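Asker: This structure is in structure tokens; I'll ask about it shortly.
The values are calculated or read from the model by the stated rules, or taken from the named source; none is laboratory data. The structure displayed is predicted, hence computed values, not measured ones. Neighbour counts are summed over all protein chains in view; Cβ atoms, including those assigned to glycine, are modelled from backbone coordinates with ideal geometry.
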Amino acid sequence: MHPDDILDSIASMRPTPGIEELITTLAANDWDVLVLTDANTVFVNHWLKTHGLQDAVSAVVTNRAFWKNDRLYIEPCMHQSTCPRCPTNLCKSIALGQWCQKPYANIIYSGDGRNDFCPATTLPPHVSI
């Protein structure tokens, strides 16, 4: 499969209804918007750019990816062995803790799968899930 075919497939993924408005509204109101995912930088950044959201997102924390000779290479986001609930390439609790070094008055965490259980159970009490 050619890289363009893969990127076209990523671009064709429709956003969850309301997510574009949510991200742009948060960014317009000076919220930091973090995308924390077990996907990869090529897929996430291409999807964000395709949907006009790249400038609204403050940061993307995910597995590093790059093309070389029309082949996609993916490197782990981290090498963790302290959290038994998460894969070695990404513990979202650890990643979120590292990213949230500055104190936030409010944090809203939204997840869509099993790998969001760990951060949902370790977030401080002032966080909305």
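Residue-by-condition table, conditions (1) over 21 Å from Asp5 (Cα atoms); (2) of a type in the set (A, V, I, L, M, F, W, C); (3) in contact with a Lys or Arg (Cβ under 8 Å, 6 or more places away or on another chain); (4) surrounded by 16 or more Cβ atoms within 10 Å (Cβ to Cβ):
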{"position": "Ala27", "(1), (2), (3), (4)": "yes, yes, no, yes"}
{"position": "Asp70", "(1), (2), (3), (4)": "no, no, no, no"}
{"position": "Tyr73", "(1), (2), (3), (4)": "no, no, no, no"}
{"position": "Cys77", "(1), (2), (3), (4)": "yes, yes, yes, yes"}
{"position": "Ala95", "(1), (2), (3), (4)": "yes, yes, no, yes"}
{"position": "Ser110", "(1), (2), (3), (4)": "yes, no, no, no"}
{"position": "Arg114", "(1), (2), (3), (4)": "yes, no, no, no"}
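Asker: Shifting gears a bit: Out of Asp116, Asp112, Asp38, Asp30, which single residue is acidic (Asp, Glu) and part of a helix (DSSP H, G or I)?
Answerer: Asp116
Asker: Any idea which residue in the stretch 79-90 is farthest from the chain's Cα centre (by Cα), counting only those that are surrounded by 15 or more Cβ atoms within 10 Å (Cβ to Cβ) and touching a residue at least 40 places away in the same chain (Cβ under 8 Å)?
Answerer: So, considering only residues that are surrounded by 15 or more Cβ atoms within 10 Å (Cβ to Cβ) and touching a residue at least 40 places away in the same chain (Cβ under 8 Å), the one farthest from the chain's Cα centre (by Cα) is Asn89.
Asker: Can you name the number of the only condition in (1) at pLDDT below 95; (2) more than 16 Å from Pro119 (Cα to Cα) that Ile108 fails?
Answerer: (2)
Asker: Among the residues of the stretch 37-52, are any surrounded by 13 or more Cβ atoms within 10 Å (Cβ to Cβ), among the acidic types (Asp, Glu), more than 13 Å from the chain's Cα centre (by Cα) and closer than 24 Å to Arg114 by Cα?
Answerer: Scanning the stretch 37-52 turns up no residue that is surrounded by 13 or more Cβ atoms within 10 Å (Cβ to Cβ), among the acidic types (Asp, Glu), more than 13 Å from the chain's Cα centre (by Cα) and closer than 24 Å to Arg114 by Cα.
Asker: Continuing with the same structure: Could you list, in sequence order, all residues of the stretch 51-73 that are more than 26 Å from Asp32 (Cα to Cα) and either in a loop (DSSP other than H, G, I, E, B) or of a type outside the set (A, V, I, L, M, F, W, C) (or both)?
Answerer: Of all residues in the stretch 51-73, those more than 26 Å from Asp32 (Cα to Cα) come to 67-73.
If the condition is that a residue be more than 26 Å from Asp32 (Cα to Cα) and either in a loop (DSSP other than H, G, I, E, B) or of a type outside the set (A, V, I, L, M, F, W, C) (or both), then Lys68, Asn69, Asp70, Arg71, Tyr73 are the ones that fit.
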